[in-house]
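Derivation of every value follows stated rules applied to the coordinates shown; laboratory data play no part. What you see is a predicted model; the values in this text were computed from it and never measured. Here the Cβ is made from the backbone with ideal geometry for all residues, glycine too, and neighbour counts use every protein chain on show.
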Number of protein chains: 2
Amino acid sequence: MAFPITRRMDADRFWSTMEASAQIGVGREGGLSRLALSDADKAMRDLFVEWCGQAGLAVTVDAAGSIFGRRAGADDSLPPVLVGSHLDTQANGGRFDGIAGVLAGLELVRALNDVGHVTRRPIEIVNWTNEEGARFSPPMVASGCFAGQYALDWVHARPSDDGPTFGDELKRIGYLGETPVGGRSIDSYFELHIEQGPVLDAEKVQVGVVTHGYASYGALVEFRGETAHTGPTPMDKRHNALLAAARLLVAVDDIGWEYSATGGKATAARLVAWPNKPGILSDWSQAVCDVRHDDPDTARAMADRMHAAVTEAATLAACEAKILDTWEWGGRIFDRALVNLVRRKAQELGYSHRDLPSQAGHDAYFMTRICPTTMIFTPCKDGITHNNAEFTTKEEISPGFDVLMHSVVAQADRG
Amino acid sequence: MAFPITRRMDADRFWSTMEASAQIGVGREGGLSRLALSDADKAMRDLFVEWCGQAGLAVTVDAAGSIFGRRAGADDSLPPVLVGSHLDTQANGGRFDGIAGVLAGLELVRALNDVGHVTRRPIEIVNWTNEEGARFSPPMVASGCFAGQYALDWVHARPSDDGPTFGDELKRIGYLGETPVGGRSIDSYFELHIEQGPVLDAEKVQVGVVTHGYASYGALVEFRGETAHTGPTPMDKRHNALLAAARLLVAVDDIGWEYSATGGKATAARLVAWPNKPGILSDWSQAVCDVRHDDPDTARAMADRMHAAVTEAATLAACEAKILDTWEWGGRIFDRALVNLVRRKAQELGYSHRDLPSQAGHDAYFMTRICPTTMIFTPCKDGITHNNAEFTTKEEISPGFDVLMHSVVAQADRG
């Protein structure tokens, strides 16, 4: 029996789950501070697992803590269509980023249950651990592990800013699962997400068909210098690692401005130093920075400049620099057939839609490495995100949800 | 009975106290990490109080935690001559900075006891609380309070980086004394200190007659911006407080280089931000910076440039800046008569000596505001300080000690 294109979202049921989520890990007014593997994250996970059970899903947790809820297919031997996002947030996060994508997956399953539609392929919904990287660096570490990008031991050894490792905290909150991470066939991956940009909201377009991701390059850089007194130490005898990091972050920001006319961005995101005290020069620092551009060649050029800036910052501060980690994502990574499917479903459903790129990083980026993947964007007021003022409405999410639902069902049912 | 100029330091006895101190709050190899009001600071204080008692001193602790050991004078109604420095260190501190000056005061008392010499005026030795400012900002807060610069309540309310306030920690370690802070007549103040600069070591000169301090201006600056996503947020919509602070620190360093030919220094000393995470722009930061020059007018000009840099950094990062605190010290502050006395005693004792300025801040700077004050410098290997490689020997300290002892006795015995 076909799944009728007339089916629409039960927006109130979906929204009740969003509102329950908004009570867990409350941050600043209107926002959330639900850092990965915190007590609040555990409370949200527990609720999500409970909901999955109520929806008849078979729940498994993998060894990176990602939670999968599986709805059997008519031919359950086929690889599943995977739908999801993340339930963790930034320290000053909003109530929608990531969360809407996971709970859309749950709502999708409930919608299928409502009409008793069994898809040909199984459907799995997923909550990826630590997408944000707000407590454990780097971000998207669990989907990266699932896609074979990161070794599990390495993931478990990631330190939090507050002390315990990723592995310690998984164990502590009871989400160190026994299921191996990845290593299995996935038919395709869909992720619904608020746009985190102003385009849909400004143009009053209902659905964003995500064609590709901004090409992004990031780096975690360490500088080593020498402690000394801030008073008598002559300028040419200084090896101030704090200054080296500050010089890098300023240089990276300058790169962003140079490319801003064509939509380029560069970010001074994080700086830590030791001892980082008034009377003493710091002998250690770390900085995190990244560059992004819609054009992959331009992004590559920006990244080259960022790497040159590392050397220059170290030279100017007479410190040693070491690039501890680099990452890149984005580009023309989404599956053309899936992008076309999403666009077609938006048309069939009668929703206004437009193609647009993703500028943020998403778990979907890693999934492109192992299966056809695409994303669907919904409006986000003024493009504000990673801020407690992040805002959207159930009316704004519904069209994107409907497109997700019909695309996923079509994909799962295809012959 | 006069105190004979032939008396010299008991270097071994003095050194045994330095070595005992070097066992308390051990940091990196050869260094100390004895932060103010920590358990290690308490242990050092307890030992110092015990030593004071053994030397027959009447010990009092004031409400800012500073410890005074008093040796009665023949005319005990006269204001005391005060001698001291500090026993706290930086996080990567040395074994001599401050400590030598306090324990020289103790040794001076022991030397007077050896010959039963009672000075006309009382002599007090002092350990000032939190000279370094390595745990509670600003530095030199207890001597500043003693000199009427800071209100006691304000001092008690200073937060540590690790949570509790200055007042909490004074209470916890048992050094919240009942003696009022300052408000009494002090005849004069002497402070012996390692030079924290390379001059005496390089020129093989035994004693530094400190004529004045580098004029120094510092500021604690706060920036406020707005959190947002590091990805999609356009460059011209960013209000990254971390970047504002980084821009300030780079600009301040640039100022230092511009004046380095004439010995000017400018320091990017401290930067903290929130959330300070990879995926989000920070909406709050604080930076500490300072400028120093031997010429007061030049230092003033550097300070003006530093303040202009605050505004420019805020403008470039589209943040709000607020200068939370400023401080200044140094200049021609030491008492000419005491400086002459120190120089004369060095001559009488036959030690090589030279005039030189202090470039670091010291408790002595605040004491100049309430009594005639001077300092005596001893060599410091390669000028290295605020580092575990800080180094000197008992042979290098002895001449400075002898000059201190004879200067203090002459000052205390004068008619």
**Item:** Over region B:273-362, volume per residue of the alpha carbon convex hull, in Å³
**Value:** 143
**Asked** Between A and B, which A residue has the Cβ nearest their rotation axis, distance in Å?
**Response** A:Ala246, 2
**Inter-copy label distances at A:Leu78 (7 Å, Cα→Cβ; nm, one decimal)** = 10.3
**Prompt:** Considering only the other residues whose Cβ falls under 11 Å of the Cβ of A:Arg343, what net charge follows from Lys and Arg at +1 and Asp and Glu at -1?
**Reply:** +2
**Request:** Per residue of B:279-292, count partner chain C-beta atoms within 10 Å of its C-beta, then hand back the mean as an integer.
**Result:** 5
**Item:** In Hz, Karplus ³J(HN,Hα) per residue of region B:391-408 (6.51, -1.76, 1.60; θ = phi - 60°; x = Gly, Pro)
**Value:** 8, 7, 10, 5, 5, 7, 7, 3, x, x, 4, 4, 5, 4, 4, 6, 5, 5
**Message:** On the principal axes of its Cα set, how long, how wide and how thick is region A:136-178? Give whole Å, largest value first.
**Reply:** 26, 24, 14
**Request:** For chain A, give the magnitude of the charge dipole about the Cα centre (Cβ charges: +1 Lys/Arg, -1 Asp/Glu; no others), in debye to the nearest 20.
**Result:** 380
**Request:** Among DSSP beta bridges whose residues both lie in chain A, state the antiparallel percentage, nearest 5.
**Result:** 70
**Fill in**
Between the modelled labels at A:Lys237 and B:Ala151 (7 Å from Cα along Cα→Cβ) the distance in nm is 4.1
**Complete:** With the 8 Å Cα cutoff and a minimum separation of six or more residues, region A:1-131 has a relative contact order in percent of 32
**Message:** Explain nothing, just compute: Karplus ³J(HN,Hα) = 6.51 cos²θ - 1.76 cosθ + 1.60, θ = phi - 60°, for every residue of region A:289-300 in order, whole Hz, x for Gly and Pro.
**Reply:** 8, 8, 10, 9, 8, 5, 8, x, 5, 5, 4, 4
**Request:** Take peptides A:289-300, B:147-158 and line them up by average Cβ neighbours within 10 Å, highest first, as a rough protection proxy.
**Result:** A:289-300, B:147-158
**Asked** With contacts defined as alpha carbon pairs under 8 Å and 6 or more residues apart, what's the relative contact order of region A:215-329 in percent?
**Response** 43
**Asked** So what are the protein assembly as shown's ellipsoid semi-axes, whole angstrom, largest first, if each one is the square root of 5 times an eigenvalue of the alpha-carbon gyration tensor?
**Response** 65, 25, 21
**Request:** Using the Kirkwood radius over Cα pairs, work out the Stokes-Einstein diffusion coefficient for region A:150-268 at 25 °C and 0.890 mPa s, in µm²/s as a whole number.
**Result:** 122
**Asked** So, with +1 on the Cβ of K and R and -1 on the Cβ of D and E, and no other charges, what is the size of the charge dipole of region A:215-329 about its Cα centre, to the nearest 20 debye?
**Response** 440
**Asked** What Rg and what Dmax come out for region B:309-415 when only alpha-carbon atoms are used, in angstroms?
**Response** 19.4, 64
**Request:** Within 10 Å, count the other beta carbons around each residue, average over each peptide in A:376-384, A:402-410, B:237-245, and list them highest first.
**Result:** B:237-245, A:402-410, A:376-384
**Prompt:** Based on the mean of other beta carbon atoms within 10 Å per residue, what is the order of A:304-313, B:63-72, B:186-195, most packed first?
**Reply:** B:186-195, B:63-72, A:304-313
**Prompt:** About its Cα centre, how strong a charge dipole does the protein assembly as shown have in debye, to the nearest 20, once Lys and Arg get +1 and Asp and Glu get -1 at the Cβ?
**Reply:** 40
**Message:** For peptide A:357-364, what's the mean number of Cβ atoms from other chains within 10 Å of each residue's Cβ?
**Reply:** 3
**Request:** Mind pulling up the Rg/Rh value for region A:173-237? Radius of gyration and Kirkwood radius, both on Cα.
**Result:** 1.26
**Prompt:** Rounded to the nearest 5, what is the percent of antiparallel bridges among the DSSP beta bridges in the protein assembly as shown?
**Reply:** 70
**Asked** Of B:Ala151, B:Leu170, B:Gly197, whose Cα points farthest to the positive end of the dipole of chain B (charges on the beta-carbon: +1 Lys, Arg; -1 Asp, Glu; origin at the Cα centre)?
**Response** B:Ala151
**Request:** With a ≥ b ≥ c taken as the square roots of the eigenvalues of the C-alpha gyration tensor of region B:67-218, please select rounded if a/c is under 1.5 and otherwise prolate if a/b is larger than b/c or oblate if it is not?
**Result:** oblate
**Message:** How would region B:20-129 be classified by its alpha-carbon gyration tensor: rounded, prolate or oblate, with rounded meaning a/c under 1.5 and the a/b versus b/c comparison settling the rest?
**Reply:** prolate
**Request:** Express the relative contact order of chain A as a whole percentage, based on alpha carbon pairs under 8 Å and six or more residues apart in sequence.
**Result:** 22
**Request:** Could you tell me the distance between the Cα centroids of region B:227-298 and region B:98-164, to the nearest Å?
**Result:** 32
**Asked** Considering only the other residues whose Cβ falls under 9 Å of the Cβ of A:Ser143, what net charge follows from Lys and Arg at +1 and Asp and Glu at -1?
**Response** -2
**Prompt:** Can you pull the Rg over Rh of region A:215-329, Cα-only, Kirkwood?
**Reply:** 1.04
**Asked** Per-residue mean of other chain beta-carbon atoms within 10 angstrom of the beta-carbon, peptide A:243-254?
**Response** 6
**Asked** Based only on Cα atoms, what Rg/Rh ratio does chain B have, Rh being taken as Kirkwood's radius?
**Response** 1.00
**Message:** Which one, A:Leu316, A:Thr392, A:Pro372, is farthest towards the positive end of the dipole of region A:308-392 when Lys and Arg carry +1 and Asp and Glu -1 on their Cβ?
**Reply:** A:Pro372
**Item:** Cα gyration tensor category, rounded, prolate or oblate, for region A:58-115 with a/c compared to 1.5
**Value:** oblate
